[in-house]
Amino acid sequence: DAKTTQPNSMESNEEEPVHLPCNHSTISGTDYIHWYRQLPSQGPEYVIHGLTSNVNNRMASLAIAEDRKSSTLILHRATLRDAAVYYCILRQYSGAGSYQLTFGKGTKLSVIP
Amino acid sequence: GAGVSQSPSNKVTEKGKDVELRCDPISGHTALYWYRQSLGQGLEFLIYFQGNSAPDKSGLPSDRFSAERTGGSVSTLTIQRTQQEDSAVYLCASSLMGNLDSYSPLHFGNGTRLTVT
């Protein structure tokens with residue numbers, strides 16, 4: 001199984017950039033890297049995904065290492081609303097007819113005012 | 001537009017009773033997923049629907065758990081003879097296409113918090 005490793009928790013000051021790391025050393029060539037986040041008492045929310053090239057959207061940027069064994073989610077200016085659990089996920093074939101996203105425990109990001 | 005809707009938002013039941021959890025996906029989304037999240041844990045995959053069929057039931061923890069989807073829309077997750085270890089938040093997600101196509105991210109509801117006493 002392609003798995004990911006993330007720090008359990010991180011802190012950031014408000015309005016500063018945040019770099020959330022993720023290791024995925026057993027990633028296969030066709031695995032997309034997905035990031036979701038979960039605010040308190042809510043379901044997860046899609047943030048960004050990528051395959052090989054760095055990606056930018058209105059929420060964040062995703063920097064993918066050249067060997068694809070690690071990636072970093074970048075929040076350019078953390079706000080209090082960005083306090084959440086961030087999940088780095090690889091799409092996996094379940095062996096039963098579908099792909100699925102396997103969520104680990106993620107990184108709990110705290111934003112300090 | 002309307003997101004994924006789940007009901008009830010909270011459910012307290014006695015051990016041994018059956019419960020039904022409902023999910024209304026985003027209109028037009030063909031793929032539907034059920035996950036559960038125990039306190040302080042990550043999400044555990046339960047079942048995946050493409051249209052009305054469930055090609056992947058590999059995550060259902062026991063035969064007490066079943067799910068159906070009718071009309072390619074609403075889905076119901078049923079837990080029979082509930083046990084205390086079934087207590088968790090049950091999350092439903094939908095996506096435009098199945099197999100987690102790279103352009104079809106999952107959209108989650110806010111879940112049903114199930115407590116078995």
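The values are calculated or read from the model by the stated rules, or taken from the named source; none is laboratory data. Remember, predicted model here, so these are calculated numbers, not experimental data. Reconstructed Cβ throughout: ideal geometry from the backbone, glycine too, with neighbour counts over all protein chains shown.
Determine whether A:His19 is free of Cβ contacts under 8 Å to residues at least 24 places away in the same chain and within 11 Å of the chain's Cα centre (by Cα).
no
For every residue, the table says whether it meets (1) surrounded by fewer than 21 Cβ atoms within 10 Å (Cβ to Cβ); (2) in contact with a Cys (Cβ under 8 Å, 6 or more places away or on another chain).
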| residue | (1), (2) |
| --- | --- |
| A:Asn23 | yes, no |
| A:Tyr32 | yes, no |
| A:Tyr36 | no, no |
| A:Pro40 | yes, no |
| A:His49 | yes, no |
| A:Thr52 | yes, no |
| A:Ser61 | yes, no |
| A:Ser70 | yes, yes |
| A:Ile74 | yes, no |
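I want to confirm something. Restricting to the range A:35-61 and keeping residues that are over 25 Å from B:Glu44 (Cα atoms), assigned to a strand (DSSP E or B) and not β-branched (Val, Ile, Thr), which single residue is modelled with the lowest pLDDT? Before you say what the answer is, go through the steps one by one.
Step one: filter the range A:35-61 for residues over 25 Å from B:Glu44 (Cα atoms), giving A:52-61.
Retained after the next criterion (residues that are assigned to a strand (DSSP E or B)): A:55-56, A:61.
Filter once more, so that each one left must be not β-branched (Val, Ile, Thr): A:56, A:61.
Values: A:Asn56: 94, A:Ser61: 97.
By that ranking, first place goes to A:Asn56.
Touching a Ser or Thr at 6+ places or on another chain (Cβ under 8 Å) and within 11 Å of chain A (Cβ to nearest Cβ): is that true of B:Val19 in this structure?
Criteria not met by B:Val19.
Here is a list of conditions, (1) in contact (Cβ under 8 Å) with a residue 24 or more places away in the chain; (2) closer than 20 Å to A:Tyr99 by Cβ; (3) assigned to a loop (DSSP other than H, G, I, E, B), and B:Ser73 meets all of them except one; can you say which number that is?
Going through (1) in contact (Cβ under 8 Å) with a residue 24 or more places away in the chain; (2) closer than 20 Å to A:Tyr99 by Cβ; (3) assigned to a loop (DSSP other than H, G, I, E, B) one by one, B:Ser73 breaks only (2).
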